[in-house]
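Structure, as C-alpha cells:
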Amino acid sequence: MKNKNIFIHIPKTGGTTINCAINKTDWQTKPDFNYRHIDYQTKRSNSADIFNPLKYDYYKDYNIFMLLRHPVDRIISEYSFIKTRPEFMSLIKPLPKDLISYVKNRQTQNYMIGFLVGKRMYDTNLVNQDDFELVSNTIRNSNIKVGIFEHYEASLNYFSQHTNIKWPKKLDVKRITLNRPKLNEVSEELSNLIIKHNALDFQLYNECLKTFESQVTLNKGSKINFNGNKYDYVLKFTERFNLLEIELKNLEFIHLNNIFFKSLNDYLHHNAKIKDGKIYINVWNDTVVKAFESKDKNASFTKQLQTISEKENASPLEMTIEIAKTIDRNYKSSPKQKIKYQNYLQFDSNNIVIPKSRKRFKWF
C-alpha cells in the first residue's frame, strides 16, 4: 500500500530531523513523492504539483504536512549555512558579500513561498502576490497541516494526530548551524529589513501561525526528548568543509595550505577515528596552533593564536572562530603574502594529541 504521508521540507525549518526520524536513517534521504525537498541537480523543489489547483482532488486522500519558520530566524540560519557553499551562492547575482547584501538581493526574497510553488533556489523568476494566494489557498483547500518551527515539539505531536507517524521518545537533532547570531542578537534594523524584503513569506507565516495556535494546545501530546547540539553536527560538516569556513572571510589561506588542512582532517576522521564533535574541534584547534608554533614561535601571528588557546572560558567553537578571525586580520591577499603563506603550515602527526578523556583539554 502506498505511503499516504507527504512531508514538505522547506530548507532551514528543521526538516532533516523529521525526515531522518520518519525513515529511521542517519541522514536525509533523496527527495521523492513522499519527501518534497530540493533536487540537488536542478536546485529546484519538487513540491510544485501539490500546489497546482488541478491536482487538489488527486491529493485529497494524502496526509500532507510541513513546517514554517519565522522569516527573520530562517534567513539568518539560511545565510549562515549557505555562505560557504559555492554550489548555491554562485546562483546569486551579484554574489552577496555579507548578510545585508544577501537580504537585499531580490533572488533571496520570499523563499518559503518560492520553494512551495516549485521555483529554483535563488530563481530570477521572483515570487509575487499570485504565488502567495496560490500557496495560501492550497493550504486551506488541501488541508495541509502546517507546523511552526518555534513550536517544534507541539508541531510534531500535531502531525502525529493527522498521520500514522509515531515519533520516538528520543529524537536526534540532525543539522544545526555551527556559527550564527542568536535571534536576540539581531538588531531591530536588520530584523525590519528582512521583514520588509520578505513580506509575503511573513504574511504566510503569520496566517499559518494563527491557524496553528487555534488548533494546537502547546503543552498537550507526547513528551519528546531532543538529543544533540551543534557539536554533533561537526563531524558531518567537516566531511565536506574546512572547520575554518564557519567564520573565515578570506578562504584563500585555506587553499594555500590545502595539503595541511586536508591531511589534518583526514587524520582525525580516518586514523584517529574521532566520533565526538567537541573532541574533534579541540584536537583541531590544538594542532593548528602547534603548526604555527612549529613554523615561527615568536611571530606576531603565532602569539595571537597562543593568547586564544590560553583563554579560560572559551568554548571549542569560540576558539575556532577566534582562530579564523586572527587569520583574517593577519593574512591579506597580495602576491607577497601568497608566496609567504603557500604551504606555510606543515602537517606532522606527532603534533596531534588525542585525549583519552575530555579532561585532557582545560577548555571543556
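The values are calculated or read from the model by the stated rules, or taken from the named source; none is laboratory data. The shown structure was predicted, so the numbers you read here are calculated from the model rather than taken from an experiment. Methodologically, a virtual Cβ is constructed for each residue, glycine included, from the backbone with ideal geometry; neighbour enumeration extends over all protein chains shown.
Can Asn141 be described as modelled with pLDDT of 95 or more and assigned by TED's automatic domain parsing to the domain that holds Asn46? Don't jump to the end; show me each part of the working.
Working: modelled with pLDDT of 95 or more: no; assigned by TED's automatic domain parsing to the domain that holds Asn46: yes.
Taking the combined requirement at face value, the residue does not satisfy it.
Across the range 119-160, which residue is nearest to Phe7 (Cα to Cα) among those that are without any contact (Cβ under 8 Å) to a residue 12 or more places away in the chain and outside any loop (DSSP other than H, G, I, E, B)?
So the residue we want is Arg140.
Yes/no per residue for (1) in contact (Cβ under 8 Å) with a residue 60 or more places away in the chain; (2) under 30 Å from Asp61 (Cβ atoms); (3) of a type in the set (A, V, I, L, M):
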site	(1), (2), (3)
Trp167	yes, yes, no
Lys170	no, no, no
Thr177	yes, no, no
Val186	yes, no, yes
Lys196	no, no, no
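Given the criteria under 18 Å from Glu150 (Cα atoms) and either touching a Cys at 6+ places or on another chain (Cβ under 6 Å) or among the charged types (D, E, K, R) (or both), does Arg74 qualify? Working first, answer last.
Values: under 18 Å from Glu150 (Cα atoms): yes; either touching a Cys at 6+ places or on another chain (Cβ under 6 Å) or among the charged types (D, E, K, R) (or both): yes.
Yes: the conditions hold for Arg74.
Yes/no per residue for (1) crowded, with 17+ Cβ neighbours inside 10 Å; (2) among the charged types (D, E, K, R); (3) over 20 Å from Asn137 (Cβ atoms):
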| residue | (1), (2), (3) |
| --- | --- |
| Asn157 | yes, no, yes |
| Gln161 | no, no, yes |
| Asn164 | no, no, yes |
| Asp172 | no, yes, yes |
| Glu189 | no, yes, yes |
| Glu213 | no, yes, yes |
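Residue check: is Asp130 under 24 Å from Asn206 (Cα atoms), modelled with pLDDT of 95 or more and either in contact with a His (Cβ under 8 Å, 6 or more places away or on another chain) or surrounded by fewer than 20 Cβ atoms within 10 Å (Cβ to Cβ) (or both)?
On the way: under 24 Å from Asn206 (Cα atoms): yes; modelled with pLDDT of 95 or more: yes; either in contact with a His (Cβ under 8 Å, 6 or more places away or on another chain) or surrounded by fewer than 20 Cβ atoms within 10 Å (Cβ to Cβ) (or both): yes.
Considered against the rule, which asks whether it is under 24 Å from Asn206 (Cα atoms), modelled with pLDDT of 95 or more and either in contact with a His (Cβ under 8 Å, 6 or more places away or on another chain) or surrounded by fewer than 20 Cβ atoms within 10 Å (Cβ to Cβ) (or both), Asp130 comes out as yes.
Checking the condition closer than 22 Å to Ile279 by Cα, assigned by TED's automatic domain parsing to the domain that holds Asn242 and modelled with pLDDT under 90, which residue from Ala314, Ala324, Ala299 passes? So that I can check it myself, show each step before the final result.
Working: Ala324 fails: modelled with pLDDT under 90; Ala299 fails: closer than 22 Å to Ile279 by Cα.
Just one listed residue meets the conditions, Ala314.
Listed here are the residues, each with its yes/no results for (1) of a type outside the set (Lys, Arg); (2) over 19 Å from Ile352 (Cα atoms); (3) assigned by TED's automatic domain parsing to the domain that holds Lys182.
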residue	(1), (2), (3)
Asn258	yes, no, no
Phe261	yes, no, no
Asp266	yes, no, no
Ala272	yes, no, no
Gln304	yes, yes, no
Lys336	no, yes, no
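Go through the range 16-42 and give me each residue that's of a type in the set (Ser, Thr, Tyr) and touching a Ser or Thr at 6+ places or on another chain (Cβ under 9 Å). Full working, then the answer.
Going through the range 16-42, the residues of a type in the set (Ser, Thr, Tyr) turn out to be 16-17, 25, 29, 35, 40, 42.
Within the range 16-42, Tyr35 is the sole residue that qualifies.
Any residue in the range 73-87 that's under 19 Å from Gln109 (Cβ atoms): show its pairings with residues that are among the charged types (D, E, K, R) and buried (at least 21 other Cβ atoms within 10 Å of the Cβ) at Cβ separation under 7 Å, as long as the two are six or more apart or on different chains.
Arg74/Lys12; Ser77/Lys12; Glu78/Lys12; Phe81/Lys12
Go over the candidates Arg85, Arg69 one by one and state the one that is at pLDDT 95 or above and either closer than 21 Å to Asn242 by Cα or surrounded by 19 or more Cβ atoms within 10 Å (Cβ to Cβ) (or both).
Working: Arg85 fails: at pLDDT 95 or above.
Of Arg85, Arg69, the one residue that is at pLDDT 95 or above and either closer than 21 Å to Asn242 by Cα or surrounded by 19 or more Cβ atoms within 10 Å (Cβ to Cβ) (or both) is Arg69.
Kindly establish whether Arg36 is of a type in the set (D, E, K, R), surrounded by 18 or more Cβ atoms within 10 Å (Cβ to Cβ), touching a residue at least 12 places away in the same chain (Cβ under 8 Å) and under 21 Å from Lys230 (Cα atoms).
Numbers: of a type in the set (D, E, K, R): yes; surrounded by 18 or more Cβ atoms within 10 Å (Cβ to Cβ): yes; touching a residue at least 12 places away in the same chain (Cβ under 8 Å): yes; under 21 Å from Lys230 (Cα atoms): no.
No.
Enumerate the helices (runs of 4 or more DSSP H) found wholly within the range 1-118, keeping only those where 3 or more residues are closer than 20 Å to Ile139 by Cβ. Steps first, please.
Numbers: elements: 15-23, 71-82, 86-89, 99-104, 111-116.
Hits in the range 1-118: 111-116.
Looking at the range 283-304 only, could you name the residues that are among the polar types (S, T, N, Q) and either in a helix (DSSP H, G or I) or within 13 Å of Asp348 (Cα to Cα) (or both)? Outline the logic, then answer.
Filtering the range 283-304 down to residues among the polar types (S, T, N, Q) leaves 285, 287, 294, 298, 300, 302, 304.
Result: Asn285, Thr287, Ser294, Ser300, Thr302, Gln304.
Contact list please: Cβ distance under 7 Å, first residue in the range 251-266 and farther than 12 Å from Lys338 by Cα, second residue of a type outside the set (Lys, Arg) and exposed (fewer than 13 other Cβ atoms within 10 Å of the Cβ), pairs at least six apart or on different chains.
Ile259/Asn343
Picking from Thr17, Thr25, which residue would you name as being more than 22 Å from Thr211 (Cα to Cα), over 17 Å from the mean Cα position of the chain (by Cα), assigned by TED's automatic domain parsing to the domain that holds Ile144 and at pLDDT below 95?
On the way: Thr17 fails: over 17 Å from the mean Cα position of the chain (by Cα).
Unique residue meeting the criteria: Thr25.
Residue by residue through the range 189-242, note down the ones that are within 30 Å of Tyr280 (Cβ to Cβ) and of a type in the set (S, T, N, Q).
Keep residues of the range 189-242 that are within 30 Å of Tyr280 (Cβ to Cβ), which gives 224-242.
Asn225, Asn227, Asn229, Thr238, Asn242, listed by residue number.
Any idea which of Ile82, Ile113 is within 17 Å of Arg36 (Cβ to Cβ) and of a type outside the set (S, T, N, Q)?
Working: Ile82 fails: within 17 Å of Arg36 (Cβ to Cβ).
Sole residue among the options that is within 17 Å of Arg36 (Cβ to Cβ) and of a type outside the set (S, T, N, Q): Ile113.
Looking at the range 321-339, which of the residues that are closer than 14 Å to Leu244 by Cβ and either part of a loop (DSSP other than H, G, I, E, B) or β-branched (Val, Ile, Thr) (or both) is nearest to the chain's Cα centre (by Cα)?
Here is the first cut: in the range 321-339, the ones closer than 14 Å to Leu244 by Cβ are 321-331.
Remaining after also requiring either part of a loop (DSSP other than H, G, I, E, B) or β-branched (Val, Ile, Thr) (or both): 321, 323, 326-327, 331.
Working: Ile321: 17, Ile323: 21, Thr326: 24, Ile327: 24, Tyr331: 27 Å.
The extreme case among them is Ile321.
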